[in-house]
Amino acid sequence: MNIRLNGTEQSVADGASVSTLVSQLTGRSIGPDGRAADGQKLGVAVARNAEVVPRSQWHATALADGDDVELVTAVQGG
Amino acid sequence: MNETTFAGTQAMPTVGTAGDPFVVDGVTLGSRLIMGTGGAPSLDGLGAALLASGTELTTVAMRRYSPAETGSLFQLLVDHHIRVLPNTAGCFTAKEAVLTAELAREALETDWVKLEVIADEHTLLPDAVELVDATEQLVARGFKVFAYTNDDPVLALRLENLGATAVMPLGAPIGTGLGILNPHNIELIVSRASVPVVLDAGIGTASDAALAMELGCDAVLLATAVTRAQNPSLMGEAFKHAVIAGRLAKKAGRIPRREHALASSAMEGRAEFL
């Protein structure tokens, strides 16, 4: 299936969870609580169809075809 | 020869540290300088400037994650134990600002947010109507709102009454370095506020920050003045001292302005030359 990730079309495995997607993109292993398995902070957040998905829900939230996903992090800014 | 002793040299107040901390939302900060991280050409340079400035709180923006430049800024702040104040820069509506704040809370695990709702890219001035709307929504959602606002005493009070944690009037438009264009309004905002007032935006050089503190502001927030200075670390250090100097001067109580000169040396007992 296809989703839009940060404005770009991307194909992901059917039924992939938000957690799987975040893990793939960040290269970090993520536990069921939405935290990095290495204990370090991830520093990212996810919005799906303009609604924030709390990290505690990443594991249980399956992506659907056509979803619009934004994955953001902190960058330099005043 | 010189028998004068300088009393008081050992009793320097520790302003900006233990003696006079900046307390906001129950959190004690050792520095009254809040640094933005925008505009720095390199992360190394930014890290050095942040350290030189002595800041304990810095703003960050929320943007799309890019695997190529993985969270190094976030890591830099974690490494230096600098608290993060995420902003909603680039938001034009309350709706965008609320969603951005929610993302920041999730990503950075803080309920503090520098609320910035701008009217247009040319002036970067706050849109008062959207700002009020967003403040109301964010306070209801449990955020601690640091509201970036115009230098309007009426609006500042309104934001405070809506539950803003701090009000942050601009000195001049973002990035202009024009200093404090309306010191009278800043003084008025300070005199009526019961939440911390942070002078935010428009600072060009150290004396602007000192003036902000002399006007009674609780802290100063700046980014460009340091990050785009020719020597950011040196400028960061200059601001560290400027904020302390301004705060000390405010607490010390300046002399009144006078129309005419007032001699500081007594006329009495002077030698007469006939």
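Ordered by the count of other Cβ atoms within 10 Å of each Cβ, fewest first, A:LYS41, B:LYS114 give A:LYS41, B:LYS114.
List nothing, just return the count: lysine pairs in the protein assembly as shown, 8 or more apart or interchain, with Cα separation under 21 Å.
For the protein assembly as shown, the number of qualifying lysine pairs is 5.
Think of the range B:21-110 as having a plus end and a minus end, set by charges on the Cβ of Lys, Arg, Asp and Glu; of B:ALA49, B:ALA89, B:VAL24, B:ALA89 sits farthest toward the positive end of this dipole.
Counting other Cβ atoms within 10 Å as a rough exposure proxy, the listed residues B:PHE74, B:PHE146 run B:PHE74, B:PHE146 from fewest neighbours to most. So, counting K/R as plus one and D/E as minus one, what does the shell of residues with Cβ under 12 Å around B:LEU222 add up to? Combined, the nearby Lys, Arg, Asp and Glu give +1.
Sorting the segments B:152-158, A:69-75 by their mean number of nearby beta carbons within 10 angstrom, highest to lowest, gives A:69-75, B:152-158. Taking label positions 7 Å along the Cα-Cβ direction at both A:ASP38 and A:ASP68, the computed distance is 3.3 nm, reported to one decimal.
What's the extension gain from B:VAL154 to B:ALA261 if we count 0.36 nm per residue and subtract their Cα-Cα distance? Show your work: numbers first, answer last.
On the way: separation 107, 0.36 × 107 = 38.52 nm, distance 3.75 nm.
Taking 0.36 nm per residue and subtracting the Cα distance, the gain is 34.8 nm.
Rounded to the nearest 0.05, what FRET efficiency do B:SER66 and B:SER207 have when you use their Cβ-Cβ distance and R0 = 30 Å? The value I calculate is 0.20. Counted by neighbouring Cβ atoms within 10 Å, the residues A:SER19, B:SER194 run from fewest to most as B:SER194, A:SER19. For chain B, the dipole from Cβ point charges (+1 on Lys and Arg, -1 on Asp and Glu) about the Cα centre works out to 380 debye, to the nearest 20. How far is the Cα center of the range B:185-238 from the Cα center of the range B:156-178, in Å? Each part's Cα centre sits 12 Å from the other's.
From the residues B:ALA128, B:ALA193, B:GLY36, which one has its Cα farthest along the dipole of chain B in the positive direction, the dipole being from +1 and -1 charges on Cβ of Lys/Arg and Asp/Glu about the Cα centre? Farthest towards the positive end: B:ALA193.
Projecting the Cα positions of A:HIS59, A:SER17, A:GLY39 onto the charge dipole of the range A:2-73 (unit charges on Cβ atoms of Lys, Arg, Asp and Glu, taken about the Cα centre) puts A:GLY39 furthest along the positive direction. Full extension of the chain between B:VAL129 and B:GLN75 gives 15.9 nm of extra length, using 0.36 nm per residue less the Cα-Cα distance.
Give me the dipole magnitude in Debye, nearest 20, for the range A:2-73 about the Cα centre, with unit charges on the beta carbon: positive for Lys and Arg, negative for Asp and Glu.
Result for the range A:2-73 is approximately 340 debye, rounded to the nearest 20.
Residue by residue along A:4-13, Cβ atoms of other protein chains within 10 Å of the local Cβ number 1 on average.
Once the Cβ-Cβ distance between B:ASP20 and B:ALA249 is put in as r, and R0 is 22 Å, what FRET efficiency do you end up with, to the nearest 0.05? About 0.95, to the nearest 0.05. Per-residue extension of 0.36 nm, minus the Cα-Cα distance of B:THR93 and B:SER194, leaves a gain of 33.6 nm for this segment. For the protein assembly as shown, the Cβ-based charge dipole about the Cα centre amounts to some 720 debye (Lys, Arg positive; Asp, Glu negative; other atoms uncharged).
Read the figures in this text as sums done on the coordinates, not as results from a lab. Because the structure is predicted, anything quoted here is derived from the model rather than measured. Heads up, the Cβs are rebuilt from the backbone with ideal geometry, glycines too, and the neighbour counts pull from every protein chain shown.
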